[in-house]
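Nothing in this text is a laboratory measurement; each read-out follows from the coordinates by a stated rule. For clarity, every value in this text was computed on a predicted model and none was experimentally measured. Heads up, the Cβs are rebuilt from the backbone with ideal geometry, glycines too, and the neighbour counts pull from every protein chain shown.
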Amino acid sequence: MLTGTNQITAQRAYQLGLIQSIVPDRDALFVEAQRIADEIKMCAPLAVQALKYVAKHGRYYPAEVSLRLGADLKHKAATSEDRLEGPLTR
């Protein structure tokens, strides 16, 4: 992707699970992005923050450290008042 070689189609990227959906044009892209953002906004904030942190920083640690980090953040979110918010908004 970054080198411009061995390019694949959007359909192939979708089949491989590299992308979540294919949209026909720019306008549809913004509609889909807003739909996803609205869905994320309905989730418990601490859980979203924890997932973002692990996704952003976890790659810099060995797998066992990343797993422990994820477990610690999950525990923090699961034992907070935040845990009640997600199920209420679904």
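Below is a table of values for the structure above.
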| quantity | calculated |
| --- | --- |
| Peptide ranges 18-26, 46-54 listed from the most packed, as the mean C-beta count within 10 angstrom indicates | 46-54, 18-26 |
| Distribution of pairwise C-alpha distances over the chain, 10 Å bins, in % | 14, 28, 34, 20, 3 |
| Most positive-pole-ward Cα, 31, 42, 77, against dipole of region 24-88 from beta carbon charges | 77 |
| Those aspartates and glutamates that a straight Cα-Cα span of less than 16 Å connects to residue 41, excepting residues fewer than 8 apart in one chain | 32, 82, 85 |
| Simple Cβ-charge dipole of the chain, Lys/Arg +1 and Asp/Glu -1, about Cα centre, in debye nearest 20 | 260 |
| Helix-only mean residue ellipticity at 222 nm for the chain, each DSSP H run of n ≥ 4 adding -39500 (n - 2.57), per residue, nearest 500 | -19000 deg cm²/dmol |
